[in-house]
1. For a test of the definition: using alpha carbon positions, the gyration tensor, and the 1.5 limit on a/c, classify the chain as rounded, prolate or oblate.
2. Which residues in segment 250-272 have a backbone N closer than 18 Å to a point placed 7 Å from the Cα of Asn344 along the Cα-to-Cβ line?
3. First measure r as the distance between the Cβ atoms of Tyr449 and Glu15, then evaluate 1/(1 + (r/R0)^6) with R0 = 51 Å and state the FRET efficiency to the nearest 0.05.
4. What are the ³J(HN,Hα) values, in whole Hz, obtained from phi via the Karplus relation 6.51 cos²θ - 1.76 cosθ + 1.60 with θ = phi - 60°, for each residue of segment 216-230 in sequence order, with x given for Gly and Pro?
5. Report the label-to-label distance for Asn396 and Glu45 in nanometres (one decimal), using points 7 Å from each Cα along the Cα→Cβ vector.
6. State, to one decimal in nm, how far the label point of Ser297 lies from the label point of Lys279, with both points 7 Å from Cα in the Cβ direction.
7. Please compute the net charge surrounding Ile303, taking Lys and Arg as +1 and Asp and Glu as -1 over other residues with Cβ under 10 Å from its Cβ.
8. For a Förster distance of 41 Å, can you work out the FRET efficiency between the beta-carbons of Tyr209 and Lys307, rounded to the nearest 0.05?
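Here, each number is a calculation from the coordinates, and none is a lab measurement. Bear in mind the structure is a predicted one, so any value in this text is a computation, not a measurement. Cβ placement follows ideal geometry from the backbone for every residue including glycine, while neighbour counts extend to all protein chains displayed.
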Amino acid sequence: MEPVKYYSTNLKADEVTFNEALLKGLAPDKGLYMPKEIPVFTKAEIDSFSQKEYYEIAFEVARKFLIGQINDDELLALVKDAYNYSIPLEKGFENKYIMRLDQGPTASFKDFAARMMGRLMQYYIKKEDRKLLILTATSGDTGSAIANAFYDLDNIQVVVLYPDNEVTDRQRKQMTTLGKNIKIISLTGKFDDCQALVKEAFSDSDLDYLDLSSANSINIGRLIPQIVYYFYSFSRLRKLARPAGEGNENDDVIFSVPSGNFGDMMGGVFAKRMGLPIKKFIISVNENDEFPAFLNSGDYSKIEPSKNCLSSAMNVGHPSNLVRLVALYGGVMNEKGEILKAPNMDKMRKDIFSTSVTDMETKEMIKEAYDKHNLILEPHGSVGWKGLMEYCNENNVDKDQLCISLETAHPAKFPDQIVEILKFDPELPASLEGLENKKEYYDNLDNNYLDFKKYLINNY
Ligand SMILES: *Cc1c(COP(=O)(O)O)cnc(C)c1O
């Protein structure tokens, strides 16, 4: 079979194969790479997933996108090594579940993408005998997931920028206590400022010699791993949902995804295009409500600056993956967020419901989910669960309908809020233990591109 080709959403760059898209990150015309064709699974293939382990499903998904780019044995070994932790599916009530994506080494769902992407990058740069400098902006979780996934890899250096006042102590320490090939910058600014500096560095030809690459969710290598858990959770819960042979025409699922840059949600949208019977996506956002407003009106405007909310990893006023969503629905959005060709909004509304959840509602839902269903949710997961409750109530969703809401971080990453609302300290997962006593390494920079550029040139 022919390898899948990747095009740029700005439509002005050459098509590339997977490994080029992975190592470049951003296309030369500042667009994001998208697969030209989305591979599909047969119904029988999807049925077979209920007999497979998580890493085997990851292998089946990745293989479709990487045909001709890596051999099967190597890919299988790579995903087996990446996914050595559990994915709990916890019942809330009726047929509504929480999928906990928080058991990886940094206790956020970003481990799923970072661990596979790091291993794939390592595989290709070794083969091509190259080096890479990964630049990443983070609002907390990406930075720690990437830093941990890339720690101590050969020929790869990592620089992470985080907004000085927007990450928790625990999130910061997960990045700053590593050292070796990992450098961390505390920026006087917001997440969007960090992202802007990274983008500017990529388009600066003075820095070409650094072999810059991105590990942000603009990288297609982040999205492919995020398709897998949608297939996995469906494969596990559909059996519980309805006995075999009964009512199979209703064998479908609603997902609620707490969203910021929309990388997680794009994984789900790809899963749907690949054949997973997803009835509806609920895109739950915090008070940064540019997307629900867009879905409603068809007119898009970013929120600048983005609002600071409790679910800090979702404080995004202009989701970087929105250009991909627009592309999948037949439109074109450029890197500035301007719509050059309108997507099919009716189709988008048929597939997606989106709602904005306030901080007050986020807190109330943490309490309610615990009191009513014994679920411990942190702020991001609470936004997702709240969106699901809202959708089900407004649409009289059948109580047997399978619904899965994603919990994207471990409650112990947000101890202050949990203690304030639930009055107890969530148990620490093993991966977060002992951070307090480790030495931290990081640098401070002002929000100024020239300073950042000098820093890169001086250090590399
Ligand atoms: C990154 C992150 C999100 C948002 O994911 P996107 O892919 O950017 O939409 C949600 N929750 C947590 C805990 C995160 O770290």
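1. rounded
2. Only 269-272 pass the distance filter.
3. 0.95
4. So the Karplus estimates, Gly and Pro as x, are 5, 6, 6, 7, 4, x, 7, 6, 4, x, 7, 7, 5, 5, 5 Hz.
5. Going from the Asn396 label point to the Glu45 one covers 3.9 nm.
6. 3.2 nm
7. -3
8. 0.60
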